[in-house]
Amino acid sequence: MRPTQPLGEGDHLADLAVVGAGVTGLTAALHAAARGAKVVVLEASEIGWGASGRNNGQVIPALTRADPDVLVQAFGPEHGETLVTLLRDSANAVFDLVRQHGIACDAVQNGWVQPAHRESRLSLSRSRCEQWRRRGAPAELVDREQVAAITGSRMWCGGWLNPTGGHLNPLAFTRGLAQAALAAGAMVHTHTAATGLQRVGDRWRVATPGGSVLARKVLVATHSYSGFAVPSPWPGLQHTLVPVRSYQISTLPLPSELRASILPRNHAMSDTHADLHFAHLDADGRLVTGGALVVAAGYEQRLRERIGQRLLKIFPQLQALGGIRFDYLWHGVFAATLDKLPRFWRLDDGVLGWVGCNGRGLAFCAALGPVLADAALDGERARIRMPFEAPRVIPGHALARMGVAAGILYYRWLDGRD
């Protein structure tokens with residue numbers, strides 16, 4: 001991609017300033033630049049340094065627990081169904097961007113499957129499939145034998161799938177979005193942290209350690225990294241979310257005979273465990289998976305041991321390797337909310353943001369970026385489409401952050417029960 005530079009000294013004018021060069025920020029910048037706006041993107045580190053480049057790469061057109069009926073109940077029929085439609089079409093939004101801009105990111109749109117790990121979870125599969133089918137999604141129920149054929153494992157009891165899902169290399173995808181935004185005319189500045197916002201007449205001054213951006217509108221797209229690893233551009237934004245660390249790991253490339261027996265149709269897979277079991281194959285035949293850890297200390301060895309045991313349970317054919325070896329391990333932080341719902345913040349007149357991907361941000365962010373850009377640029381006429389509200393600080397935020405480890409233990413306990 002074209003090289004990027006920190007923002008230079010002085011004031012730089014923009015119609016839209018985007019803080020954060022992840023999937024949300026870059027798709028918003030790409031869309032806004034394509035419609036003729038002058039856009040400046042500020043990234044505190046490198047492109048894809050945050051969760052957008054550090055996730056598992058699964059493109060899933062659904063949230064973790066906020067199913068369609070839940071979204072409608074939470075946000076009302078109009079806003080709820082708007083979010084459902086965005087989610088329904090979110091995987092196609094990702095792969096359309098890949099095709100339109102020629103992004104080289106090993107994209108595979110062969111579908112996403114959610115197997116049920118207990119017979120009792122099949123009711124959840126049926127409910128989710130039915131809710132999505134009512135909204136026009138091509139969701140399908142699959143039985144035990146169909147899941148075994150899709151996954152190469154007899155661990156699961158059935159489940160459901162969406163053929164629009166898939167997987168890709170998330171870092172390459174995010175960098176490709178940055179290249180597309182640059183080509184559309186957006187200015188993208190890395191190693192430029194936004195340290196604060198201040199109203200100056202009819203514009204907002206976005207301060208950085210070097211220069212500043214004077215923008216008519218601002219979109220804050222830092223998500224889980226607000227105040228966690230980078231300065232929060234808006235006071236208290238970090239208290240509206242809980243940062244959760246997610247670990248990813250990949251095996252060495254599998255021998256061809258094993259590769260043919262594991263996820264043989266090249267689906268993305270994440271099941272109904274609360275302590276999620278998930279995997280997909282990359283272009284070189286690595287099994288890309290991961291998991292949660294209660295304690296971060298010594299995570300490299302502990303994750304290898306835990307996920308190695310899990311993979312042998314899911315795919316007994318891996319025993320032929322005489323031991324599973326891993327070659328890459330990485331981790332990132334996603335933004336969780338206590339109710340598992342996305343939240344859309346109107347921080348001030350002309351300043352918007354959102355939090356709460358809850359571990360399903362890749363597809364949703366790509367669908368949201370253009371909508372958020374329109375909402376910022378077009379004002380109330382566009383904002384009315386989305387459930388924007390004043391930021392809600394999580395009560396006892398410090399305790400909520402400390403409770404993440406307890407939550408993982410609870411999920412593991414819950415997974416063994418109906």
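The values are calculated or read from the model by the stated rules, or taken from the named source; none is laboratory data. Since this is a predicted model, take the numbers as computed values, not measurements. Glycine also receives a Cβ, built like all others from the backbone with ideal geometry; neighbour counts cover every protein chain displayed. The area values use the complete protein model at the heavy-atom level, side chains included, leaving out ligands, DNA and RNA. Shrake-Rupley method; radii C 1.70, N 1.55, O 1.52, S 1.80 Å.
Using the Cβ-Cβ distance between Ala406 and Ala297 with R0 set to 25 Å, the FRET efficiency from 1/(1 + (r/R0)^6) comes to roughly 0.90. Extension gain for Asp69 to Arg417 (0.36 nm times residue separation, less C-alpha to C-alpha distance): 122.8 nm.
Count the net charge of all other residues whose Cβ sits under 12 Å from the Cβ of Pro253, scoring Lys and Arg as +1 and Asp and Glu as -1. Computed value for this residue: 0. Here each label is just a point 7 Å from Cα along the line to Cβ, and for Gln319 and Ala207 those points are 6.3 nm apart.
Scoring 39-47, 210-218, 278-286 by mean Cβ neighbours within 10 Å over their residues and listing the highest first yields 39-47, 210-218, 278-286. Highest average first, the peptides 64-73, 130-139, 246-255 ordered by how many other beta carbon atoms sit within 10 Å of their residues are 246-255, 64-73, 130-139.
In this simple spin-label model, placing a label point 7 Å from the Cα along the Cα-to-Cβ direction at both Ala229 and Glu78 gives a separation of 3.9 nm.
With K and R counted +1 and D and E -1, the other residues having a Cβ less than 15 Å from that of His12 yield a net charge of +1. The slack in the chain from Arg304 to Ala398, taken as 0.36 nm per residue of separation less the alpha-carbon distance, amounts to 30.9 nm. Electrostatic bookkeeping for Asn55 treats Lys and Arg as +1 and Asp and Glu as -1; over the other residues with beta carbon under 15 Å from its beta carbon, the sum is +2. At an R0 of 35 angstrom, the distance between the Cβ atoms of Val200 and Arg245 translates into a FRET efficiency of 0.40.
Computed about the Cα centre, the dipole magnitude for the chain is approximately 420 debye when only Lys and Arg (+1) and Asp and Glu (-1) carry charge, each at its Cβ.
Spin-label pair Arg135-Ala283: with each label point 7 Å from Cα along the Cα-Cβ axis, the two points sit 3.2 nm from one another.
Could you report the chain's accessible area per residue, 1.4 Å probe, as an integer in Å²? Roughly 40 Å² per residue, with all protein chains present.
In what sequence, largest accessible area first, do Asp143, Asp374 appear using a 1.4 Å probe? Let's see the in-between values first.
Working: Asp143 80, Asp374 40 Å².
Putting Asp143, Asp374 in descending order of accessible area: Asp143, Asp374.
Just the protein heavy atoms count here, and of the accessible area of the chain at 1.4 Å, carbon and sulfur take up 53 percent. If the segment from Leu13 to Ser123 were pulled out straight at 0.36 nm per residue, it would be longer than the present Cα-Cα gap by 34.2 nm.
Counting only residues at least eight positions apart within a chain, or on another chain, the lysines with an alpha carbon under 16 Å from that of Lys38 are Lys217. The listed residues Met386, Met402, Met155, Met187 rank as Met402, Met187, Met155, Met386 when sorted by accessible area, largest first, using a 1.4 Å probe. Here's the picture: charge each Lys and Arg Cβ at +1 and each Asp and Glu Cβ at -1 in the range 5-108, and of Val18, Gly102, Val59 the one pushed furthest to the positive end of that dipole is Gly102.
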